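The structure appears right after this line, and notes come after that.
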Amino acid sequence: MTGVAVEVAGLTKRYGEVTAVRDLSFVVRPGAVTAFLGPNGAGKSTTLRMIVGLVAPSSGTARIGGRPYRSIPRPSSVVGAAFPGAAVHPRHTARAHLRVYAAMGGYPDRRVDELLDLLELTGAADRHVAGFSTGMRQRLGLATALLGDPPVLLLDEPGNGLDPAGIAWLRTFLRGLADAGRTVLVSSHALAEVQQSADDVVLVSDGRLVAAGGYDELAATAGLPVQRPAAEPAGLERLFLDLTAQRRGDDRCNS
Amino acid sequence: MQQLIVAEFRRLLATRLWWIALLAATGLGGGLVGCLALVGPEHFSPPMPGLHTAAGARLVLGILGYTAFVPAAFGTLAVTSEYRHRTVDVTFLFAPSRWRVLTAKLAVFAVGGLCYGAVLAGTAAVGLYAGAAGHGSTVGVPVGAVAGLLGRLAVAMAVYTLLGVGVGALVGNQVAALCLVIGYLYLGEPVLMMIPGANAAYPLLPGGATAALTGFHEVSDAMAAQLPTTAIHLVSPVVGALVLLGYTLVAAAVAVFAPLRRDLA
Ligand SMILES: Nc1ncnc2c1ncn2[C@@H]1O[C@H](COP(=O)(O)OP(=O)(O)O)[C@@H](O)[C@H]1O
Ligand SMILES: [Mg+2]
């Protein structure tokens, strides 16, 4: 799989008085899991929605493989995106939901069965989604995003509401996608779930970029042990808190 | 476009909504018309011409025009459930060209609305003749005219379905859109009809145009007779059809262009 990078340049979104995202720039590379981190309200969801054209930026651009999302001919075959709370009609079955979007993207029904298998939903495929657990909904959202076998995945808080086993499963799953050469951008406000699998980090706070780069590099700058995970489970969390605290301090000085 | 249409058909058939809609069409068509025919318009309050007269037969069938808010509400319900359950996000991810999505929906709901209309008209025909037989009366309109009238009603139902889709796409919020559609079509227009001055516009409103299309003068005449205002003069059936066509085009344009620039945050 040839890699497709995501590039965000000077992205800004204002909602009246509120500036959700300010002049944000970063690049997400293929073949890696990039953690898009920041506290609640930092502007992560707004950024992801601007990348895929659901929200129009006030200024700036987002490009996928050099093109804006809306000008990609069959976008679901290039980018798979999933937002929290699985957008599914509760009276649809998992299979019916996937069949709607398979038709929309022009994918064969066989692909629906493959994804139900891959996401371990085959047993629940013909049940109404209303009865699904959070984990099952998240997996159905992932299945929908993967229908077109896209090289880029943008996942907004995919670990929300997952139990530790679900998070471990997700981590392995994302690692597999990145190892296959895909570009994987995963937002999270909870660090434990991504820290053990993130290669790169994009850290935002209050709509602004705080830090971006390789995890190891950032950890070294912040004076944290570069050695990863289990031994130092608080590592990324401390980095996160340190860096956002610094930013909060800057703001206070500015105002 | 073909892919989008297939997808929207799959979406429509994936819940029981279509089944409930056709059940409603049967209830309103066969059920309501059958009951009215069985009772006989001469026993209405105020008494109307009997079923054996042309006016009486047209009255019984024309009442169906007032049930057009039902398919409109189904259209609104179906479109706004995309916003309510946020599937619209996924839809616009798969098809970022939003106007094409809405065009596909309009095509699908035009077919859906015609199916609703066909079931309504078909069961109404059964109800009319069965009710008349049960009442021991004849139907005061020839079979061909009954078929023509029911055919026009069926098309009107499809138009109203699209009106509902248009309002749903414009408003987005399910409860607000349903209140608007049902409130206006079920309560708003009949009230407008009674307001002196405002009722001059009634012939050109959807309800007035539908009444013109079905030759349904009795209700407006009866209302006018009870008020110290001049009678409402409905437009001719052809003009009524053109007015409805105009509303369909407006609803379609609204449905197609309303979501274009809306942020899905
Ligand atoms: N539609 C909207 N209207 C007004 N403000 C919004 C809207 N969407 C998001 N915001 C605001 O923008 C900021 C960033 O929100 P969001 O992108 O959801 O952050 P995150 O995903 O990092 O939690 C928050 O302050 C939020 O209240
Ligand atoms: Mg968010």
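The values are calculated or read from the model by the stated rules, or taken from the named source; none is laboratory data. Note that the coordinates shown come from a computational prediction; the quantities given were computed from them, not determined experimentally. We place every Cβ from the backbone using ideal geometry, glycine too, and count neighbours over all the protein chains shown. The protein model used for the area step is the full one, side chains on, heavy atoms only, and it has no ligands, DNA or RNA in it. Shrake-Rupley method; radii C 1.70, N 1.55, O 1.52, S 1.80 Å.
If a residue must be within 14 Å of chain A (Cβ to nearest Cβ), more than 25 Å from B:A158 (Cα to Cα) and not in a loop (DSSP other than H, G, I, E, B), how many such residues does region B:39-94 contain?
5
Does region A:28-42 hold any residues that are polar (S, T, N, Q) and near ligand 1 (Cβ under 8 Å from one of its atoms), and which are they? Even if it seems obvious, please write down each step before you answer.
Residues of region A:28-42 polar (S, T, N, Q): A:34, A:40.
Hit for region A:28-42 is A:N40, nothing else.
Within region A:188-200, is there a residue that is touching a Phe, Trp or Tyr at 6+ places or on another chain (Cβ under 6 Å), more than 16 Å from ligand 2 (Cβ to nearest atom) and open to solvent by less than 10 Å² (accessible area, probe 1.4 Å)?
yes
If you check A:A168 against the conditions, is it surrounded by fewer than 19 Cβ atoms within 10 Å (Cβ to Cβ) and not in a loop (DSSP other than H, G, I, E, B)?
Values: surrounded by fewer than 19 Cβ atoms within 10 Å (Cβ to Cβ): yes; not in a loop (DSSP other than H, G, I, E, B): yes.
Yes.
For region B:53-89, which positions are open to solvent by less than 20 Å² (accessible area, probe 1.4 Å) and among the hydrophobic types (A, V, I, L, M, F, W, C)?
Result: B:A57, B:L59, B:V60, B:L61, B:L64, B:A68, B:A72, B:A73, B:A78, B:V79, B:V88.
Determine which member of the set A:S25, A:S45 is within 9 Å of ligand 1 (Cβ to nearest atom) and surrounded by fewer than 23 Cβ atoms within 10 Å (Cβ to Cβ). Full working, then the answer.
Values: A:S25 fails: within 9 Å of ligand 1 (Cβ to nearest atom).
Exactly one of A:S25, A:S45 is within 9 Å of ligand 1 (Cβ to nearest atom) and surrounded by fewer than 23 Cβ atoms within 10 Å (Cβ to Cβ), namely A:S45.
In region A:1-22, which residue that is in contact with a helix residue (DSSP H, G or I) (Cβ under 9 Å, 6 or more places away or on another chain) and among the hydrophobic types (A, V, I, L, M, F, W, C) is nearest to ligand 1 (Cβ to nearest atom)?
A:A20
Which of the residues that make up region B:103-128 are crowded, with 24+ Cβ neighbours inside 10 Å and farther than 13 Å from B:G164 by Cβ?
Answer for region B:103-128, where residues must be crowded, with 24+ Cβ neighbours inside 10 Å and farther than 13 Å from B:G164 by Cβ: B:G117, B:L120, B:A121, B:A124, B:G127, B:L128.
Which of the residues that make up region A:90-111 are within 22 Å of A:P30 (Cβ to Cβ) and either within 16 Å of ligand 2 (Cβ to nearest atom) or without any contact (Cβ under 8 Å) to a residue 40 or more places away in the chain (or both)?
none
Could you tell me whether A:A87 is under 30 Å from A:A219 (Cβ atoms) and within 16 Å of ligand 2 (Cβ to nearest atom)? First the steps, then the outcome.
On the way: under 30 Å from A:A219 (Cβ atoms): no; within 16 Å of ligand 2 (Cβ to nearest atom): yes.
Taking the combined requirement at face value, the residue does not satisfy it.
Restricted to region A:93-108, and to residues that are over 23 Å from A:I72 (Cα atoms), more than 7 Å from chain B (Cβ to nearest Cβ) and over 23 Å from the mean Cα position of the chain (by Cα), which residue is most open to solvent (accessible area, probe 1.4 Å)?
The initial filter retains those residues of region A:93-108 that are over 23 Å from A:I72 (Cα atoms), namely A:93-97.
Within this subset, residues satisfying the condition of being more than 7 Å from chain B (Cβ to nearest Cβ) are A:93-95, A:97.
Then keep just the ones that are over 23 Å from the mean Cα position of the chain (by Cα); that gives A:93, A:95.
On the way: A:T93: 27, A:R95: 67 Å².
Checking each candidate, the answer is A:R95.
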